[in-house]
1. I need to check one value: relative contact order of the range 2-92, counting alpha carbon pairs closer than 8 Å and at least 6 residues apart, in percent.
2. Taking the Cα centre of the chain as the origin and placing charges on Cβ (Lys, Arg +1; Asp, Glu -1), which of 94, 112, 175 is farthest toward the positive end of the dipole?
3. Which one, 32, 46, 70, is farthest towards the positive end of the dipole of the range 2-92 when Lys and Arg carry +1 and Asp and Glu -1 on their Cβ?
4. May I ask you to compute the full-extension gain from residue 97 to residue 194, defined as 0.36 nm times their residue separation minus their alpha-carbon distance, rounded to one decimal in nm?
5. Take the cross-link list 30/187; 132/163; 52/178; 30/163; 26/97 and give me the ones stretching past 31 Å between alpha-carbons.
6. Add +1 for every Lys or Arg and -1 for every Asp or Glu among the other residues with Cβ under 15 Å from the Cβ of residue 105, and state the total.
7. Tell me, what does the Kirkwood hydrodynamic radius of the range 2-92 come to in angstroms if you use every pair of distinct C-alpha atoms?
8. Which value in nm describes the separation of the simple spin-label points at residue 182 and residue 144, placed 7 Å from the Cα toward the beta carbon?
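None of the figures in this text is laboratory data; all of them are computed from the coordinates on show. None of these values were measured; they are calculated from a predicted model. Because the Cβ atoms are built from the backbone with ideal geometry, glycine has one as well, and the counts that use them run over all protein chains shown.
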Amino acid sequence: MIVKRIQGKGILAKFLEQCVRLLILKECKKINNLKINIISSSANIIKGEIQKINISAENINYKDLLFDKLELEGDNIKIIFKLTNKELYFKKNPLIKFRISLSQKSLKAILFSNSWNWISEVISNEVLNQEKLEDIEIINDELLIKASEKNINKNKEEKINIKAEKGKLHLRKKTNKKSIQIPIEDKIFIENIYIENNLINIIANSPISI
């Protein structure tokens, strides 16, 4: 078994973990409890192969996208690893599976940030037919959205279903069948999305490149 063969992790695997750590820290404005586990023999690493990589972290800020938890996994990854200058590149943009979780607090921070508030406009305009998103809450594992018209001091509220359809993120009003697709990068394929313990959990995969 692989686990037995590399039970004592080789120096190259440990060194590679540090290289990946530096790359992630460079990309994220904030990240806590970052754990990286590379499962591969030194011989495979020298040949440019990582058998398995697991990454987990908490309280992540990636380009003003806030996630409470992240779990990432990749198998049989081809790399170019230059030991002399600690440079690491992925070959053929390997497919990575990941799961992210975000709380109501993180969701609000994203939707009302300068970088991503255009999404809040899409939600308020196309789902509720209102001009401005006022608030969004997760209550009893349900999504509640509040929006309003300008110069009218009254909010419109709707419970919203959130689901994955054909790899994309969709929001649908519970009161009718009106649905919108939230724009995300084409390369990201969402396998499942659900709310549990008032956390939005997204399971997806995407090719990555460094």
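1. About 24 percent, as a whole number.
2. Going by the charge dipole, the pick is 94.
3. 46
4. Details: separation 97, 0.36 × 97 = 34.92 nm, distance 1.66 nm.
Fully extending the segment from residue 97 to residue 194 adds 33.3 nm.
5. 52/178, as the Cα separations exceed 31 Å there.
6. Working: positive: 30, 69, 108; negative: 58, 64, 68, 135, 137.
Spelling it out: positives minus negatives among the neighbours equals -2.
7. 13.8 Å
8. Placing both labels 7 Å beyond Cα along the Cβ direction yields 1.9 nm.
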